[in-house]
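Accompanying notes for the structure given below.
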Amino acid sequence: MNDKKNKFILEEYESEFSYKKSKTNLNIEFNRIAFIFFVFLVISIIYSIQLLHLGSLKKETNNIKSLITKKNYRADIVDRNGNYLVKSVSSIDIGISPTEIINKKKLLINLKLIFPDKDYNEIEKKLNKKKFFKFEKNISPINYEKIMSLGDKAIRSEEKLTRLYPQKNLFSHIIGQIDDDNNGISGIEKSFDKELKTTKDLLRLTVDTDIQFLIREELLNFKEIFRAKGSAAILMDVNNGAIISMVSLPDFNLNERKAITDVNYINRATKGVYEFGSVFKTFTVAAGFNESLIEPNTKYLNLKKQIECNGFKIREYSNKIPTDLTVEEILIRSGNIGSVRIGQKIGKEKLQSFLIKIGVQGTINFDIQEVGKPTLINWGKCKLATASYGHGITTTLLQIAKGYAVVTNGGYDIKPTLIQKKLIEKHSQKRILNIGVSDKINKILRKIVTHKDGTAKLANVKGYEVSGKTGTAQISKNSKYTRDKINTFASVFPSQKPKYALIVMLDEPKTNSEYIYHYRDGTQPTKGTPYNTAGWTSVEVAGKIIERIGPILATKYLEN
């Protein structure tokens, strides 16, 4: 039986073998070629798919590198010199779920040992409410180890993003704040929220930490001396709009993450809308120059000490102002009646158009959202008269800075900015004022600081060619003008080739009978503030600031 079976298998094998042998050599060769072709085809398809896959992976990897969308990510912010203004670090928050507490009494005892300074009456109230609550934010590593070693499942930890502000109060109004969910709620943190969350690159600002510190220090000092409600200052490059410093007082410590509800903490540099008084006279004169209606030596004769418009009385601030003045003398002496006459010659349409053109009126686009909007005014006959000398017309300190930049930099339009990459070189900017306007304005502004009748002699810091215009404005409250003042000094330096505009504003300053004035022309020092005007308050502050920041800015020009 076994032999038969073996024989059967052999015969079957032989039969198979004789079948293969019957194929021709040509068929064998063809099959080999077909098989090889098929193998290469499969390999090619696999290789092509792999290439496409790798290409998509590379593209996806590049996208991930440039666009990070992690919940706990936010880019750092630095100043123009690379100094950190904001730094992101990971932190751990501890929360408690009351419904999962094993032993409430024991837990409270342990928590008091680890965190003895907490209000445990308040914590017990939260425990009784049976709702999850945050117990400790940004817990230290030592306390984290202690609390987690308690082994209570009611204790939960959560990794969070923490923003550290190494400069504390210094840039509070510029940087702004974020909420607990990593969303910007004010300042740069809000307006650049998406970019800060999605890019690995540092956000570089135009501000200078050292200069910001010095300006803030002087504002704090004089806020106490003149007992001001608040104050603000902007230092800007007049040629490209770079904000080098922007301070508003009072300010706040960003690290404390407190909700700011007191309106006195408003950003006075950008959000506050004020009447700035006589600083507007520079714009009136510049508009007359731009329209070729006046020249610096154009004379105005028989100027009255008081005029009326629909019952509203317009007076000179001093009876010592002569009745015959040139345009230059009107601005140097800060004459109200002469400014009204110049404004009337320009006309309301042209003056209004000029103020809009240089950015003083209308809404200004800026890098933070906390920006005020000047009050709309009805340009009637009396409004033309009062606006000509800065009464009854409002704007923001930021717009004053832009206006002074435009009228002194050769007439080029600039866009104030806090962002380094937004800067535009002067040769790429559009000239919006006629040639020669700035030269005339700069010479007059310089004389306001150097002339014996000028209102800003206290700012004549030797070697810096400071020029500028003062403004003292009454504050309107409940539709009535009060005795409270907004005192402003808009300065530009060096006057022969303007580079910087420094605008200093004091909100409701008061005189100081003990303050000693040291005059820069060598005159004997005097004690006490004689008048609550910009010339005796804001000008003094600006002079002290320029003295301190001048060497850093390297703008010390020797006068011939």
ask   = With all protein chains present and a 1.4 Å probe, how do VAL89, VAL360 order by accessible area, largest first?
value = VAL89, VAL360
ask   = Given a 1.4 Å probe and every protein chain left where it sits, what share in percent of the accessible area of the range 208-260 is carbon and sulfur?
value = 46
task = Starting from the Cα-Cα distance between ASN253 and ASP181, subtract it from 0.36 nm times their residue separation and give me the gain in nm to one decimal.
result = 24.0 nm
request  = Just the number, please: carbon plus sulfur as a percent of the accessible area of the range 440-554, 1.4 Å probe, no ligands or DNA/RNA counted.
outcome  = 49
key: With Cα atoms, 0 to 90° folded angle of helix 397-408 axis to the chain main axis   = 70
key: Shape box of the range 349-390 [Cα atoms, principal axes, largest first, Å]   = 36, 17, 15
Set of the range 324-342 residues, backbone N closer than 18 Å to the point 7 Å along the Cα-Cβ line of THR526 = 333-334
remark   = For the chain, one quarter of the surface area of the C-alpha convex hull, expressed in nm², comes to 51.2
message = Can you pull out the chymotrypsin sites (Phe, Trp or Tyr not before Pro) in the range 347-403 whose DSSP state is coil and whose Cβ has at most 16 other Cβ atoms within 10 Å?
response = TRP379
request  = Express as a percent, rounded to the nearest 5, the fraction of DSSP beta bridges in the chain (both residues included) that run antiparallel.
outcome  = 95
task = With a probe of 1.4 Å, find how much accessible area the chain has per residue, and write the answer as a whole number in Å².
result = 53
task = Could you please state how large a percent of the accessible area of the range 311-360 is carbon and sulfur, counting protein chains only and using a 1.4 Å probe?
result = 45
query = Given only helices, namely DSSP H runs of n ≥ 4 each adding -39500 (n - 2.57), what is the per-residue ellipticity at 222 nm of the chain, to the nearest 500 deg cm²/dmol?
reply = -11500 deg cm²/dmol
key: Simple spin-label estimate for GLN496 and LYS200 in nanometres, 7 Å along Cα-Cβ   = 5.0
ask   = Helix 348-357 versus the longest principal axis of the chain: what is the Cα-based angle in degrees, 0 to 90, to the nearest 10?
value = 40
note = Taking Cα atoms only, helix 2-21 is inclined relative to the longest principal axis of the chain by an angle, in degrees rounded to 10, of 50
inquiry  = Placing unit charges on C-beta atoms (Lys and Arg positive, Asp and Glu negative, everything else neutral), compute the dipole magnitude of the chain about its Cα centre in debye, rounded to 20.
reply    = 940
task = Give the distance, in whole Å, between the Cα centre of the range 120-162 and the Cα centre of the range 383-397.
result = 57
query = What's the extension gain from THR298 to TYR144 if we count 0.36 nm per residue and subtract their Cα-Cα distance?
reply = 47.7 nm
ask   = Where the centre of each part is set by its Cα atoms, how far does the range 294-348 sit from the range 426-490, in angstrom?
value = 17
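The values are calculated or read from the model by the stated rules, or taken from the named source; none is laboratory data. The shown structure was predicted, so the numbers you read here are calculated from the model rather than taken from an experiment. Positions of Cβ are backbone-derived with ideal geometry, glycine not excepted, and every protein chain shown enters the neighbour counts. Just so you know, the surface numbers come from the protein's heavy atoms only, side chains and all, with ligands and any DNA or RNA stripped out. Shrake-Rupley method; radii C 1.70, N 1.55, O 1.52, S 1.80 Å.
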